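Please read the structure below before turning to the comments.
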Amino acid sequence: MQQEELKTLFKENNALLTGHFKLSSGLHSDTYFQSALILQYPKKAEILSQELAKKLKESGIEVDVVVSPAMGGIIIGQEMARVLRVRAIFTERVDGTVLLRRGFSLKENEKVLIVEDVITTGLSTKEVINSLKSSGAKVVAVVSLVDRSAGKVDFGVPRFSLLSIDAKSYKEEECPMCKEGSKAIKPGSRR
Ligand code: ZN
């Protein structure tokens, strides 16, 4: 699938919104991505996972296990694992620390694919990678549906995304949309 085709698919499902938003980080942005709105349809989740799996295959990257961070990464992680026919586990944040719980574990030298829904600053992905270090498993790649950094974040391993967006985000006091008098909305919290 081409970038434009993917963008249309996300937009049709309201997963990709343009406007004036307050992100969970507190920053303001003109773009908002809510993966759950497209991943609620298993068929669409499958198609997106197949697209990501294709990129891994083209690069000859082999995977033993998918690790994704809760909550955002769990659904796409599970679907990726189904397509790749490997197991899927997830990390959780407990008192600020990212770790594997529920009896999940990794073996020495297991090839790990990190699966995220969206990468913005890459900080939380780096925390996930760091949390696995003591296991001796090897992170071989990072994939995400959307890359809001337009490829600027470096994890030291190959990384792939379906949609690369150079999304602008601003501190509230520097937000040009606020300066024009518009008010930022928090789409994730509206129900
Ligand atoms: Zn603003």
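Filter the trypsin sites (Lys or Arg not before Pro) in the range 74-104 to those in DSSP coil with at most 16 other Cβ atoms within 10 Å of their Cβ, and list the result.
Numbers: sites: 82, 85, 87, 93, 101, 102; in loops: 85, 101, 102.
Loop-located and lightly packed - 85, 101, 102.
Pop the C-beta distance of residue 30 and residue 1 into the FRET formula with R0 = 30 Å and round what comes out to the nearest 0.05. Could the numbers behind the result be given before it?
Details: r = 24 Å, r/R0 = 0.79.
Calculated transfer efficiency: 0.80.
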Query - Electrostatic dipole magnitude of the chain [Cβ: Lys, Arg +1; Asp, Glu -1; Cα centre; debye, to 20] - result: 380
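How much length is gained if the chain between residue 134 and residue 70 is pulled fully straight, taking 0.36 nm per residue apart and subtracting their Cα-Cα distance, in nm to one decimal?
Working: separation 64, 0.36 × 64 = 23.04 nm, distance 1.97 nm.
Contour length minus the Cα-Cα distance gives 21.1 nm.
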**Report entry** Tilt relative to the chain, helix 42-58 - C-alpha long axis, 0 to 90 degrees, to 10
**Finding:** 60
Query - In sequence order, calculated HN-Hα J values of the range 147-159 (Karplus, 6.51, -1.76, 1.60; Hz; x Gly/Pro) - result: 10, 7, 9, 6, x, 7, 7, 10, 9, x, 9, x, 9
Requested in this report: Tell me the GluC sites (Glu not before Pro) within the range 60-94 that lie in a loop according to DSSP and have at most 13 other beta-carbon atoms within 10 Å.
Outcome: 62
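Of 44/183; 22/152; 22/126, which ones are farther than 31 Å apart at the Cα? Please list the in-between numbers first.
On the way: 44/183 33 Å; 22/152 22 Å; 22/126 23 Å.
From 44/183; 22/152; 22/126, over 31 Å: 44/183.
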Query - Phi to ³J(HN,Hα) by Karplus 6.51 cos²θ - 1.76 cosθ + 1.60 over the range 102-108, Hz, x for Gly, Pro - result: 6, x, 5, 8, 10, 9, 3
Report task. Can you find, among 104, 9, 134, the residue farthest towards the positive end of the dipole of the chain? Put +1 on the C-beta of Lys and Arg, -1 on that of Asp and Glu. Result -> 104
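Give me the percent relative contact order of the chain, please, defined on Cα pairs under 8 angstrom at least 6 residues apart. Could you put the intermediate results ahead of the total?
Working: 346 pairs, mean separation 42.5, N = 191.
For the chain, the relative contact order is 22 percent.
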Query - For the range 25-31, 3J(HN,Hα) per residue [Karplus equation, 6.51 cos²θ - 1.76 cosθ + 1.60, θ = phi - 60°, Hz, x = Gly/Pro] - result: 6, x, 6, 9, 8, 8, 9
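Only the coordinates and a few stated rules stand behind these numbers; no lab work does. Nothing here was measured: the structure is a model prediction, and the numbers come from that model. Glycine also receives a Cβ, built like all others from the backbone with ideal geometry; neighbour counts cover every protein chain displayed.
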